[in-house]
Amino acid sequence: MPAKQSSETEILDVLWQSLRGGNYDLEAMKPRLQPDSRFDDLGIDSLDMTDFFIRIEDIYKVKIMQEDYPTLGSVRTLHEYITQRSATSH
Amino acid sequence: MGFTEYLEVPALAERYRKVRKYFHLRESAYDVTSACQLRCDGCFYFSGEKYKTKDNRDPEAWRDFLGHERERGINYVNLAGAEPALVPKVLEVFHQMIPQGNIFSNGLRRIDPAVRYRIHLSVWGDHNGDPIYRKYAGGRPGPHCLPIQLENYRHDERPIFVYTFNNENIDQVDEVLEMVSAEGHQLTFNVFSLPEHSASKLKLRDTLVRTRDKMQEAMEDYPETVVYSHYNAAVHTQEQSLHGQFGCPYPRAQIMDGREGVGIGKTFRSYRTDLTHVPASDCCIPDTDCADCRHYAAGSAIVTSRLSMHVDSEEQFRGWLDYVDTYLAIWILGYTKGENLYVH
């Protein structure tokens, strides 16, 4: 199945849906969820990051390599990654 | 089906919500003393260089140090040694500073009930095997530890007994199960893993399948006693080590592979008794030969962190859910394991 086009806004929405299942102060976090916010600075646990990445894989039909996790530090870099992976798969 | 579809299955969604509450746990390991009454075959504490440090026995030095660990985000501690029960004042400080944790102990001395940590009591064999595998420090045959452990921890909810299968003791677990079950305690399994540069006769050679079968049999015969799952039995008895199957996330393995760690690969430290750590040694049981590692402690991090390797099928995801549910029951005081979702 071909990869789906992504946008930063959509990816932020997926992140929000993912975080809603975790142990976070969502009211405090929401204003900080920006495309260039660092996941580390947001205090997201690594397993919750995995949850998020897996949801992204499901929606956009791209594989996020485990060894690439450390480089995907924000929604913006993730969006660039997905766009690049999608282009390569065509 | 994909991950989001698996979560539409009510039993899976419920289990995922249950275990996800513990994703925030951030742990490290602390050797608190180099003293021990025993010298067990294949003991990891006395392998490598780490035991050659000078113990810091000052509880206030540990208190100050733990303040920094808390600032670093550590909220779960694993206390080992040699034998942590021999430094009760240090244990008290640990519990005051970081209330969640676990102590690995031979159980020959009772830990103060005020230290409300999980306690993992090691069991190496039955009345014949234990004294052979666990000699006294002077070299003479050691005690049969299990009766002493059961006496010390009667009516105590903190401990879980950890039976380590090795190449010779597979059937010895029968007596152990009967004794632990009779006292109303619980038991889980470990699989012997070679220390580095060791050719120990305890390494499982052509006995992995028999070990797996014995684990399954124990789960069926003692469902209230044994805290384990079919998926645990499967992954801990493969020909490949846990590192071989999944890739270990601990700093030690990441450094050996030339990788940048994430999560536990960045935060986990294995401190020595002088409060120092060496990144190249930072893993749950340093000085293990990674190519033979089947430690239950290692699996708790390795399998749990590899959620992304368990979503290609619903069966895999069920296995992962059972594994994490089992590990939480082993490590978190008061956590109750649910029914197994993975059908082997």
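The values are calculated or read from the model by the stated rules, or taken from the named source; none is laboratory data. Bear in mind the structure is a predicted one, so any value in this text is a computation, not a measurement. Here Cβ is always computed from backbone atoms with ideal geometry, including for glycine, and neighbour counts include all displayed protein chains.
So, A:Tyr81, is that one aromatic (Phe, Trp, Tyr) and within 14 Å of chain B (Cβ to nearest Cβ) or not? So A:Tyr81 fails the test. Among the residues making up the stretch A:39-48, a single one is at the interface with chain B (Cβ under 10 Å from one of its Cβ atoms), assigned to a helix (DSSP H, G or I) and surrounded by fewer than 16 Cβ atoms within 10 Å (Cβ to Cβ): A:Asp40.
Here B:Val173 passes the criteria (1) hydrophobic (A, V, I, L, M, F, W, C); (2) at pLDDT below 95; (3) surrounded by 16 or more Cβ atoms within 10 Å (Cβ to Cβ) except the one numbered (2). Residues in the stretch A:54-76 that are away from chain B (no Cβ under 14 Å) and part of a helix (DSSP H, G or I) were compared, and the one that is nearest to B:Glu5 (Cα to Cα) is A:Val75.
Residues in the stretch B:299-313: is at least one more than 14 Å from every other protein chain (Cβ to nearest Cβ) and under 26 Å from B:Gly48 (Cβ atoms)?
yes
Just wondering, is there one or more residues in the stretch B:56-70 that are at negative phi and assigned to a strand (DSSP E or B)? No: the stretch B:56-70 contains no residue that is at negative phi and assigned to a strand (DSSP E or B). Close contacts from the stretch B:93-108, counting a first residue that is modelled with pLDDT of 95 or more and a second that is in a loop (DSSP other than H, G, I, E, B), with Cβ to Cβ under 6 Å and a gap of 6+ residues or different chains, come to B:His95/B:Val115; B:Gly101/B:Tyr117; B:Asn102/B:Tyr117; B:Ile103/B:Tyr117; B:Asn106/B:Glu83; B:Leu108/B:Gln37.
Please work out if B:Asp289 is under 14 Å from B:Gly48 (Cα atoms), surrounded by fewer than 20 Cβ atoms within 10 Å (Cβ to Cβ) and touching a Pro at 6+ places or on another chain (Cβ under 7 Å). Yes; evaluated as a whole, the condition is true for this residue.
Scanning the stretch B:133-148 for residues that are touching a residue at least 24 places away in the same chain (Cβ under 8 Å) and out of contact with any helix residue (DSSP H, G or I) (no Cβ under 9 Å at 6 or more places or on another chain) yields B:Tyr133, B:Lys135, B:Tyr136, B:Ala137, B:Gly139, B:Ile148. When the criteria are applied in full, B:Ala253 fails the requirement of being under 19 Å from B:Gly101 (Cβ atoms) and either hydrophobic (A, V, I, L, M, F, W, C) or in a loop (DSSP other than H, G, I, E, B) (or both). Residues in the stretch A:1-23 that are in contact (Cβ under 8 Å) with a residue 24 or more places away in the chain and within 12 Å of chain B (Cβ to nearest Cβ): A:Met1, A:Val14, A:Gln17, A:Ser18, A:Leu19, A:Gly21, A:Gly22.
Only one entry in B:Arg259, B:Arg318, B:Arg269 is within 13 Å of chain A (Cβ to nearest Cβ) and out of contact with any Lys or Arg (no Cβ under 6 Å at 6 or more places or on another chain), namely B:Arg259. Every condition in (1) within 25 Å of B:Phe246 (Cβ to Cβ); (2) touching a Leu at 6+ places or on another chain (Cβ under 9 Å); (3) more than 10 Å from every other protein chain (Cβ to nearest Cβ) holds for A:Pro35 except the one numbered (1). Within the stretch B:1-28, being surrounded by fewer than 16 Cβ atoms within 10 Å (Cβ to Cβ), more than 12 Å from every other protein chain (Cβ to nearest Cβ) and touching a residue at least 40 places away in the same chain (Cβ under 8 Å) holds for one residue alone: B:Ala11. Select from the stretch B:313-343 the residues that are touching a strand residue (DSSP E or B) at 6+ places or on another chain (Cβ under 8 Å) and either without any contact (Cβ under 8 Å) to a residue 24 or more places away in the chain or outside any helix (DSSP H, G or I) (or both) and list them in ascending order. Answer for the stretch B:313-343, where residues must be touching a strand residue (DSSP E or B) at 6+ places or on another chain (Cβ under 8 Å) and either without any contact (Cβ under 8 Å) to a residue 24 or more places away in the chain or outside any helix (DSSP H, G or I) (or both): B:Ile332, B:Leu333.
Okay, residues lined up against (1) modelled with pLDDT under 90; (2) over 14 Å from the mean Cα position of the chain (by Cα); (3) more than 23 Å from B:Phe165 (Cα to Cα):
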site	(1), (2), (3)
B:Gln238	no, yes, no
B:Ser241	no, yes, no
B:Phe246	no, yes, no
B:Gln254	yes, yes, yes
B:Thr273	no, yes, yes
B:Tyr296	no, no, no
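From the list A:Asp36, A:Asp51, the one residue that fits, being assigned to a helix (DSSP H, G or I), on the phi < 0 side of the Ramachandran plot, of a type outside the set (A, V, I, L, M, F, W, C) and touching a residue at least 24 places away in the same chain (Cβ under 8 Å), is A:Asp51.
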